[in-house]
Amino acid sequence: MSVVATGVRLSSTDSISLTAQRRYFSVIIPANLTWEFAHMPLYTIWNEGTRGEIVFAAVHCTGGDILIAMSALMLALMLIGRGWPHIAATRRSVTVLTVVLGLGYTLFSEWLNIVIRAAWAYSNLMPIIPVLDAGLSPVLQWISIPLVAFWWALRPFNNDRET
């Protein structure tokens, strides 16, 4: 057993799970911040907002991204995470469910904030996915960044041969 600063004892399994989560967020946070700034020209704020408003929007959205990523991962771990990150089948299931939850919330949020609340709008540069009427960039963001983050977080465990 290991001891953390609060005096709470963690099992080695808990410690390893926490390490995997830290590795996951070490990618999620900077990658989402970078993505938010990079795809800002695909939103009308790029042409209509001040520099300060654009920076605020990117940082604010990154905060939301972190909350979405954290909520999606924690819900997936609570629902199907027994043995994570040690068991290969659980790693795959948690990865898929986390991406589905994050993407699902993102699609809902895009619809709510563009169609219903009109809190933001796409510029003419944003490619739109026809059936979903959602921007391609946020959809790609919520598929690619979590997959890269899981790849990094779970690298130390990929030699496990359990199914």
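We did not get these values from a lab; they are worked out from the coordinates using the rules stated. Given the structure is predicted, the values throughout are model-derived calculations rather than measurements. In this analysis, Cβ positions are derived from the backbone assuming ideal geometry, glycine residues included, and neighbour counts consider all displayed protein chains.
In a fully extended conformation the segment linking TRP111 and HIS60 would gain 16.6 nm over its present Cα-Cα distance, using 0.36 nm per residue.
Under 5 Å from the amide H of TYR43 lie the amide H atoms of SER123, each residue being 5 or more positions distant or on a separate chain, with H modelled from the backbone and absent for Pro and chain starts. Over the range 95-163, what relative contact order in percent results from Cα pairs under 8 Å that are six or more residues apart? Over the range 95-163, the number comes to 35 percent. For LEU140 and MET78, the FRET efficiency from 1/(1 + (r/R0)^6), where r spans their Cβ atoms and R0 equals 22 Å, is about 0.25.
Since only VAL131, VAL96, GLY83 are under comparison, the one whose Cα sits farthest along the positive direction of the charge dipole of the range 31-157, derived from C-beta charges on Lys, Arg, Asp and Glu, is GLY83.
Computed from backbone phi with θ = phi - 60° and the Karplus coefficients 6.51, -1.76 and 1.60, the 3J(HN,Hα) list for the range 122-138 is 7, 7, 5, 7, 6, x, 9, 7, x, 5, 8, 6, 10, x, 5, 4, x Hz; x is used for glycine and proline.
Annotation: amide H of ALA134 within the under-5 Å range of ILE129, sequence separation 5 or more or interchain, hydrogens built in the peptide plane. The modelled label-to-label distance between PHE25 and HIS86, using points 7 Å beyond Cα along the C-beta direction, is 2.3 nm.
Above 28 Å lies some portion of the pair distances; for the range 1-142, what is it as a whole percent of all C-alpha pairs? Result: 30 percent of Cα pairs exceed 28 Å.
The mean sequence separation of alpha-carbon pairs under 8 Å and at least six residues apart, normalised by the residue count of the chain, gives a relative contact order of 30 percent.
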